[in-house]
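Structure record follows, encoded as structure tokens.
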Amino acid sequence: MKEFIKLFRNVLAPESDWATFIRKIISILVTAGVTATGFSIYYQVYRAPQLGEQPVSTLLAENGDKEDYIRGILETIKQSDSSIRSVWLYSWPDALQIVPVMYVGDSLNPLPGGALVRGDESAIGYWLFGDCVELDRNFVNYACPINGQEDSWGLIVISYEEGRAPTMACHRKIAAAAHRIGLLLYSNVIHIDTITDNKT
């Protein structure tokens with residue numbers, strides 16, 4: 001403790017000439033700058049990644065404005081094709097579990113049970129690469145991932161009327177909407193403002 005007091009006293013003590021005083025001030029500023037840079041790097045590399053990205057349900061619970069805007073996107077998907085029966089948004093917090101967050105259209109959950117099932121393995125592979133795919137179910141459907149910067153955290157599942165085949169144009173619109181939702185949830189604030197200002 002005495003050594004720290006002595007060091008502190010030497011930093012504040014007056015100097016015999018201006019050159020020594022300026023060298024001391026420069027040394028203090030360089031030391032403070034290196035310390036601040038080191039702390040910033042430590043926080044960004046070691047602390048921030050521990051927080052990671054969060055599932056869709058968590059992000060929407062924290063921000064009502066985003067929830068309203070995303071519901072509008074789901075409505076737009078539903079209205080884009082008369083053969084669409086329902087549009088469901090799911091949160092995907094871990095490898096197998098899916099949690100319904102919101103829906104538009106038919107209130108019958110197309111993926112009941114809250115989990116993916118055997119046979120969905122290939123779909124998971126597509127989702128992790130950001131691609132949409134039809135799930136192996138007893139109804140016509142199309143499912144797209146909600147991707148963050150690091151991983152897939154949600155799904156949009158569209159179910160179609162019996163005997164109605166979705167068009168490629170509809171598939172492209174759904175994929176674009178899923179990508180837009182991912183940007184809204186996982187991009188920085190400036191990017192989000194740009195997205196919400198350019199409503200389709």
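Every read-out reported here was derived from the displayed coordinates using simple, explicitly stated rules and does not represent laboratory data. A quick note: this is a predicted structure, and the numbers were derived from the prediction, not measured. Note that each Cβ is placed from the backbone with ideal geometry, even for glycine, and that neighbours are counted across all protein chains shown.
Under a cut-off of 24 Å between alpha-carbon atoms, report the lysines in cross-link reach of Lys173, not counting same-chain residues fewer than 8 places apart.
Lys66, Lys78, Lys199
Please list 3J(HN,Hα) in residue order for the range 111-119, calculated via the Karplus relation 6.51 cos²θ - 1.76 cosθ + 1.60 where θ = phi - 60°; whole Hz, with x for glycine and proline.
10, x, x, x, 8, 6, 10, 4, x
Put a dot 7 Å past each Cα toward the Cβ at Ser82 and Glu121; how far apart are the dots in nm?
Output for this residue pair reads 4.2 nm.
List every residue whose amide H lies under 5 Å from the amide H of Val101, counting only residues 5 or more places away in sequence or on a different chain, with H placed 1.01 Å from N in the peptide plane.
The answer is Leu89, Tyr90, Ser91.
Please list 3J(HN,Hα) in residue order for the range 165-170, calculated via the Karplus relation 6.51 cos²θ - 1.76 cosθ + 1.60 where θ = phi - 60°; whole Hz, with x for glycine and proline.
9, x, 8, 5, 4, 5
At Asp65 and Phe21, where each label point lies 7 Å from the Cα along Cα→Cβ, what is the point-to-point distance in nanometres?
Modelled inter-label distance: 5.0 nm.
Return Ile174, Ile28 ranked ascending by Cβ neighbour count within 10 Å, so the fewest neighbours appear first.
If I rank by nearby Cβ atoms, fewest first, I get Ile28, Ile174.
Could you list Ser57, Ser187 so that the one with the fewest beta carbons within 10 Å of its beta carbon is first and the one with the most is last?
Final ranking by Cβ density, sparse to dense: Ser187, Ser57.
What nm value, rounded to one decimal, do you get for the distance between Glu161 and Thr58 when each label is placed 7 Å out toward the C-beta?
Placing both labels 7 Å along Cα→Cβ, they lie 4.1 nm apart.
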